[in-house]
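The values are calculated or read from the model by the stated rules, or taken from the named source; none is laboratory data. A quick note: this is a predicted structure, and the numbers were derived from the prediction, not measured. All Cβ positions, even for glycine, are placed from backbone atoms using ideal geometry, and neighbour counts span all protein chains on display.
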Amino acid sequence: MSRIWGRTGCNFDANGRGRCDTGDCNGMLECQGWGSPPNTLAEFALNQDNNNDFVDISVIDGFNIPMEFSPVGASCKTMRCVDDLNGQCPEQLRTQGGCNNPCTVFKTVEYCCTSERANIPILSPAGSVPIGSDKMPRGKLQVLLVSAKGLHDTDFFTKMDPYVTIICRTQEQKSNVASGQGSSPEWNETFEFSVTSDEEPELVIKIKDSDVGSEDDIVGEAKIPLEPLFLAGSIPPTPYNVVINDEFCGEVKVGLDFIPEETHEHGHRHGHGHGHHEEERNFGGWKESSY
């Protein structure tokens, strides 16, 4: 599943760092993940089951701007969400530049699409991972640690010897040491983790400099939210920001794959060959529709 969204109230410096009031991408001009709510979403997944294309406009993450999603050279209908919902937003849901989904604000079963609220989960196009649930899917997480660049070398007279510790909740694995590779190390190693918990899904990558006779220096760390992976199933090698003391200090390139424990048979999708996703869903008083 791919997403397109607008950002509002943005301010960035010459290095592409700053923030947006809505749809913010972790303070970066170039997005490396999905935007922060609230943001109106145009979603699409191409060449799915039986060569179908699925598209929709969603306010599952709230609303920030009106949107129209029009196919070119196809028989699909144009989808619109053009009313200014910000002007109609209840006081409790208002935020700078947008209107939050009630689940984002209250985080209760009454407003969130969870297993307690419905017996049939809403599925991603891959048909395996529930969307809008506070339950973390179960399965195998495969991490491809490729390389890093632009790291701050902690050694003064020689190039540092960086290695990585990857943490997924209570599980921790360590890479080989990239001896003498300094600020641009390469590892090309694969790690596997078991995903069995319902707690917040996040992968932490800590980069350190291996020292002999003293404690290893901390170079920086990257935090990767896993929810986009659970929806997409696979994310190709992508650079993630490495920070230390809230300051940018390089990038680490990581690829991710998620293999669900089992494929759920609940839920359904509609479409035609290279057609559109004509489905309407309710989320605690919020309605998501293709039109």
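Quick look at the numbers
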| quantity | calculated |
| --- | --- |
| All positions within region 148-172 that are touching a residue at least 40 places away in the same chain (Cβ under 8 Å), in a strand (DSSP E or B), out of contact with any Leu (no Cβ under 7 Å at 6 or more places or on another chain) and not hydrophobic (A, V, I, L, M, F, W, C) | LYS149, TYR163, THR165 |
| Which numbered condition PRO121 fails, given (1) under 27 Å from GLU43 (Cβ atoms); (2) modelled with pLDDT of 75 or more; (3) surrounded by 17 or more Cβ atoms within 10 Å (Cβ to Cβ) | (2) |
| Top-ranked residue in region 30-42 [being touching a Pro at 6+ places or on another chain (Cβ under 9 Å) and surrounded by 18 or more Cβ atoms within 10 Å (Cβ to Cβ); ranked as nearest to GLY97 (Cα to Cα)] | THR40 |
| Pairs, first among the charged types (D, E, K, R) in region 184-196, second buried (at least 18 other Cβ atoms within 10 Å of the Cβ) and outside any strand (DSSP E or B), C-beta under 8 Å, six or more apart | GLU186/ALA178; GLU189/SER175 |
| Residues of region 227-252 classified as in contact (Cβ under 8 Å) with a residue 12 or more places away in the chain, within 29 Å of ASP161 (Cβ to Cβ) and either of a type in the set (Asp, Glu) or buried (at least 17 other Cβ atoms within 10 Å of the Cβ) (or both), total | 10 |
| Residue among THR108, THR170 that alone is at pLDDT 70 or above, hydroxyl-bearing (Ser, Thr, Tyr), more than 30 Å from VAL219 (Cα to Cα) and surrounded by fewer than 17 Cβ atoms within 10 Å (Cβ to Cβ) | THR108 |
| Lone qualifier among VAL219, VAL204 - being in contact with a His (Cβ under 7 Å, 6 or more places away or on another chain) and either buried (at least 17 other Cβ atoms within 10 Å of the Cβ) or closer than 22 Å to ILE244 by Cα (or both) | VAL219 |
| Selection status of SER58, among the polar types (S, T, N, Q) and farther than 24 Å from GLN96 by Cβ | no |
